[in-house]
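Note sheet for the following structure.
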Amino acid sequence: MTPVILLTGFLGSGKTTLLQRLLQDPSMAGAAVLINEFGEVGLDHHLLDRIDDNVILLKSGCICCTVRGEVAEALGNLDSLRARGEIAFDRVVIETTGLADPYPVLQTLTAHPVLRSHFTNGGVLTTVDAVNARLQVEHRAEAVRQIAAADRIVLTKTDLAEPGQDQALRDRLARINPAARIVNSEAPVAEILGGFGPAAFAEGLVGREAHGHICGPDCGHESHNHAHHHHASHAAHHHDDVLGVTSFSLVIEDEINWTMFGTWLTLLLHKHGDRIFRVKGILALEGEDRPIAIHGVQHLVHAPTHMTHWPDGPRQSRIVFILEGLSPEQIRRSFAAFMGLSGVRAAA
Ligand SMILES: Nc1nc2c(ncn2[C@@H]2O[C@H](COP(=O)(O)OP(=O)(O)OP(=O)(O)O)[C@@H](O)[C@H]2O)c(=O)[nH]1
């Protein structure tokens, strides 16, 4: 049986950063990776350095909607390729979207007629952003579900948190999920993954504070509660309705002036950060050959990083937004006007 580790955590909480670090560890050399992103425009597989046959991008939107289709199919394909000797792997990591409910994925692993005899739940690893988690836990049910489902919680961005913020957050997390051990993302990989497995689910200990009960595979409430739980989750992140969270990208033909861009993004997140869950992009800057990766999470703008090369496709800036209550056209107009650029498209 091949263990499947589910790597989850709210938008921008550091899943890809952690995955990158885990994959560099010799113990993870045999891992196959499935990446799922919210929205049509996937950037994470570009932002992850390791691009090979064992890294697969799941294209269609939300993992909890597609899990019975695409995730199951991707796992089935991996298994067939391995059976034919075309690839080798000894575990699978699935990075979910930051808005995913992890439970349907776990359910698929345990209930799918074929998969359950090849794959097993290898545990849920949830990243929690020490700077933004308080806001997310208060306002986003998905953030709470991801914490509740964790076997291990990895606290990220403690280097950016205010003194004292860390302990208050740990206490809060322990109330949501008393069974999960909390480790710092800077801890050695052996500590992050050591002794890690689906203990919390097996013991049925998760999610006391937020839900009273989250269905586990053996809890006996599966059909009734799961339907309700899944439905509630969808209401929170319906893909195309006016109330829900939407994703789109700006595609920019011209080179970008970094100082102007930094000012625009800071102003935008200052004003609308509560509604902008995630900004990430690959930019072609004036005077720079290599692409720059940028990340914003609510009010926080992270330090930009140089990428080693341009991913497939033209040398063209792409910025993905995941937000609520703002239209793509508002963002496009604001960007184009502030930057004084005309070749700016908003792509759904
Ligand atoms: N200072 C600091 N920055 C971090 C840490 N972890 C992640 N980041 C930064 O946070 C930003 C978002 O990180 P990602 O790893 O892309 O987050 P993610 O959860 O994969 O994002 P989505 O897939 O969009 O949900 C990047 O700029 C990272 O460099 C950390 O522990 N400290």
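Taking only the C-alpha atoms of segment 245-347, Rg followed by Dmax gives 12.6, 35 Å.
Between segment 95-125 and segment 258-337, the alpha-carbon centres lie 32 Å apart.
The numbers here are math on the coordinates, done by the rules we state, and not lab data. If you're wondering where the values come from, they're calculated on a predicted model, not measured in any experiment.
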